[in-house]
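The values are calculated or read from the model by the stated rules, or taken from the named source; none is laboratory data. The structure displayed is predicted, hence computed values, not measured ones. No Cβ is skipped: glycine too gets one built from the backbone with ideal geometry, and neighbour counts run over all protein chains shown. Side chains are part of the model used for accessible areas, which takes the heavy atoms of the whole protein and leaves out ligands, DNA and RNA. Shrake-Rupley method; radii C 1.70, N 1.55, O 1.52, S 1.80 Å.
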Amino acid sequence: MEKFRELIHLFVAVFLSTFATLIVIPAITDVTMMAVCPGQDECSLAIYLSGFQQAIIGLGTVVMMPLIGNLSDQYGRKALLTLPMTLSIIPSAILAYSRTTSFFYAYYVLRTLTAMICEGSINCLAFAYVADNVLERERTSVFGILSGITAAAFVCGTLAARFLSTAMTFQVSALVAMLAAVYMRIFLQESLPNSENLAQPILKSGQDDHSQDGGDLPRKPMVSKKIPSVQAITSLLRSSVTFSQAAIVAFFNSLSYGGLQASLMYYLKARFHFSKNQYAELMILLGVSGMASQLLFMPFVAPRVAEEKLLAIGLLGGIANALLYSVAWSAWVPYASTIFSVFEVFVTPCLRSIVSKQIGPNEQGKAQGCISGIISLANIISPLVYSPLTALFLSEDAPFNFPGFIFLCIGFSTMIAFFQSILIRAVPSYFKSQKQQQQHSSLAVPPSLIGITFLMYMDEVL
């Protein structure tokens, strides 16, 4: 009961923070267009600015996510949650004051800088908090509930945006972000990894202690470097085949999602003349279907259907959604495609649960941070690929008349993630597989292609 109460406080804090972040999304495209290209429905500069911002944010988060996850293993989840929840207040407060061109560019710069820490870190730490306090067999359902809480915030935020003025939208966002930070600091209890059952950490630093006391005494987890080394992340990716496969799925699914994020609103504005209210209506439908799936459907299905199968079903839904967007012939088609979000929302909780079961309890933050870092790497690459394509195929200089070509590319990327997901077999837990891994330690699992790419990038950055 005590741990359940703590999870309730976590859910409330995540709900408020997510609400504050998402309420501004329906309005931000119109604000950007008015500041950069007033009076136009198609603006390549706005698309490039958004894509550049997304790439820079991804560049920052690819370093910050493993760092934040690692620090949370040492200093606690609550201590690390304070930073992103506080920083997220600043951008909304700027546009709450004014949305002129000069204030927009101030928002643009500060949003880019703060999002390097805030983007994804709250969810990453929330997943690690849940892993600290929930048994393995119950994690998929609780991860699903956490994602459902996010979907509920999505619905409430976009519903509020539908009926609020643009100025009031940003004012409410700043106020609720402040409330989220205060609530979290007052009510949420600190959570540190429980290492009682940890036989030996996967990631080791320093010299091996086998020689001390004949190797009979249990080892204490050693404090690792603040920023995980390339060797440490290599060890993590090699810890199991399943973890490596999950990293590939996370990369290609995020590559698709980043493309959708960078392109969708500008596509709808240029193609069907959408505005803030239409964006809000579409997002409400997405959120309602996602919330119903996560809070009602998934807790019932997750104990009965293997999570790797649910992951594949979710990716299939993403493929269908992208392909339907690519051939959208009328303004009602994007609304109809929201039915696929019922399945798409399976992806994140299933992926996070699969990862959590491959790692010992003392390294949950590190593992979730590593996956978030890989997602951030995809978010760097995605806008660099999809933003120029979107600007090209929405302009008069397109090589052929196919405005939805960008979504065909997104569907292909999701298809790669799907084919990798069906190779994931039944997921053994960390403790059940520990002995087999030790017996076969001489047969090291080679890091995946995306793992190698990620490591090379981290090596250059660090």
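Here are a few things to note about the model shown:
- Working from label points 7 Å from Cα in the Cα-to-Cβ sense, the Met168 to Leu423 distance is 5.3 nm.
- Per-residue ³J(HN,Hα) for the range 161-172, Karplus 6.51 cos²θ - 1.76 cosθ + 1.60, θ = phi - 60°, Hz, x for Gly and Pro: 5, 5, 10, 9, 6, 4, 4, 5, 4, 6, 5, 5
- Extension gain, Phe300 back to Leu45 (0.36 nm per residue minus Cα-Cα distance, nm): 87.2 nm
- Working from label points 7 Å from Cα in the Cα-to-Cβ sense, the His9 to Phe52 distance is 4.4 nm.
- Peptides 56-62, 324-330 ordered by average Cβ neighbours within 10 Å, highest first: 56-62, 324-330
- A crude spin-label estimate for the pair Ile186 and Thr100, with each label 7 Å from Cα along the Cβ direction, gives 3.7 nm.
- Dipole of the range 252-363, positive end: most advanced residue of Leu351, Leu315, Ser263 [Cβ charges, Cα centre]: Ser263
- Take each peptide in 18-29, 279-290, 300-311, count the other Cβ atoms within 10 Å of every residue, and average; sorted highest first, the result is 18-29, 279-290, 300-311.
- Inter-part distance where the range 1-62 and the range 277-308 are each reduced to a Cα centre, Å: 20 Å
- Carbon and sulfur %, accessible surface of the range 6-116 computed with the full protein complex present, 1.4 Å: 74 percent
- GluC sites (Glu not before Pro) restricted to the range 337-408 and DSSP loop, no more than 15 other C-beta within 10 Å: Glu396
- Karplus (6.51, -1.76, 1.60) ³J(HN,Hα), θ = phi - 60°, over the range 152-160, in Hz, Gly and Pro reported as x: 5, 5, 4, 5, 5, x, 6, 5, 5
- Gap separating the Cα centres of the range 63-139 and the range 333-354, nearest whole Å: 23 Å
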